[in-house]
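Next up is a structure, given as structure tokens.
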Amino acid sequence: MLYRDVERRLDTRLTISMDQQHPVLPLIERDVETIPLDFHMDGGEPFIDMFVCGDHGERLKGTLVQFSPVTMGGCIIISIGAREMGAGYSIMDQIAEIPLSIRGSLYLRARKIYADYRLGSPFMPQVTAVERRILGMGNRIRIADLGPGDGGIAMINGVDSRIHLGIVSYEVDILHDFSVPVQDGWLIEYNFSHEDERGFRAIVYREDGQQVAYLDSPFLREVQRISVERKIPKAAIIAKPVNGKYRSFTFLPYSMVDDQVSMLFDVASKFPEADFRLSSIRSYDSNAWDWI
């Protein structure tokens, strides 16, 4: 089963927008219309990482020096505190609790943060509860889009239009870390935005439907920890069982592929029992869906 066979099963798109103010924004938005973001917690405080890449980053490097940018993978990365978005991230946490939900892209445009989600339409009552809560918060948080969605491939294409993606594929022996048995021919989709004591929540696609499972893997927990530490964002993670192994297809900015591979080898050295093996490194294009 290929990903394109199941990627429309989450058939609803939800986008929320949240106002964001910071002195760095007027300096960037004169040159960059849409800024890819990542989100992380540090010491219990929320932070947003903004990625200004390529020629834009080169032009703005001097202007942004006062904000202590980090240069990595052809991008300038600026971290700003997002305490004022506490209510917004509370809403994001509520959406993350919807069983069949996957957060897609996170980006900033016209001083608003946009968070895109794909959902299963049977869970519209939970979405209605989110909307009711948002209406009680005023206009700083809004539902910007809600309705039939175009699927996961369209969402990944949208990310690629803002920052070119690469794919790093690897295999590890961690299938035993799933909360349910998984088998060859099934597909797994998840991201690192929902993690709790049970592990990372994943959607497992079977021929006859889909179900929620949890992946409590020390290997992947360390991958996530170091990804945050080194500011390596993930656009999407798709996986599948292959001959008893977990094969991951990780989508991330193409300019940061080398950083991702280096990080994976560092993690693999800590978990030799995972039997890590690098499978492929590719620039993303439409042909990817012929082999994922």
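Please list, ordered by residue number, the helices (runs of 4 or more DSSP H) wholly in segment 57-171 having 3 or more residues that are in the same structural domain as Glu229 (by TED's automatic domain parsing) and loosely packed, with under 14 Cβ neighbours inside 10 Å.
Answer list for segment 57-171: none.
Kindly provide the set of residues from segment 180-195 that are free of Cβ contacts under 8 Å to residues at least 12 places away in the same chain and closer than 16 Å to Pro99 by Cα, ordered by number.
Once the filter is applied, which keeps residues that are free of Cβ contacts under 8 Å to residues at least 12 places away in the same chain and closer than 16 Å to Pro99 by Cα, segment 180-195 yields nothing.
Scan Ser193, Ser227, Ser248 and give me the residue that is closer than 19 Å to Glu273 by Cα, of a type in the set (Gly, Ala, Ser) and under 15 Å from the mean Cα position of the chain (by Cα).
Ser248
Could you list, in sequence order, all residues of segment 123-159 that are in contact with a Pro (Cβ under 9 Å, 6 or more places away or on another chain) and under 26 Å from Ile292 (Cβ atoms)?
Of everything in segment 123-159, those that are in contact with a Pro (Cβ under 9 Å, 6 or more places away or on another chain) and under 26 Å from Ile292 (Cβ atoms) turn out to be Phe123, Val159.
Further question: Scan segment 16-41 for residues that are surrounded by fewer than 17 Cβ atoms within 10 Å (Cβ to Cβ), touching a residue at least 40 places away in the same chain (Cβ under 8 Å) and within 20 Å of the chain's Cα centre (by Cα) and jot them down.
If the condition is that a residue be surrounded by fewer than 17 Cβ atoms within 10 Å (Cβ to Cβ), touching a residue at least 40 places away in the same chain (Cβ under 8 Å) and within 20 Å of the chain's Cα centre (by Cα), then Thr34 is the only one that fits.
Right, another one. Could you please find all residues in segment 263-292 being more than 13 Å from Gly166 (Cβ to Cβ), among the small types (Gly, Ala, Ser) and surrounded by 13 or more Cβ atoms within 10 Å (Cβ to Cβ)?
Ala268, Ala274, Ser279
His176 is checked against (1) in the same structural domain as Arg282 (by TED's automatic domain parsing); (2) in a strand (DSSP E or B) and fails just one. What number does that condition carry?
So the condition that His176 fails would be (2).
From the list Phe251, Phe178, pick out the single residue that is among the hydrophobic types (A, V, I, L, M, F, W, C), closer than 20 Å to Leu37 by Cβ and in contact with a strand residue (DSSP E or B) (Cβ under 7 Å, 6 or more places away or on another chain).
Matching residue, one of Phe251, Phe178: Phe251.
The values are calculated or read from the model by the stated rules, or taken from the named source; none is laboratory data. On a predicted model such as this, the values are computed, not experimentally measured, just so you know. Reconstructed Cβ throughout: ideal geometry from the backbone, glycine too, with neighbour counts over all protein chains shown.
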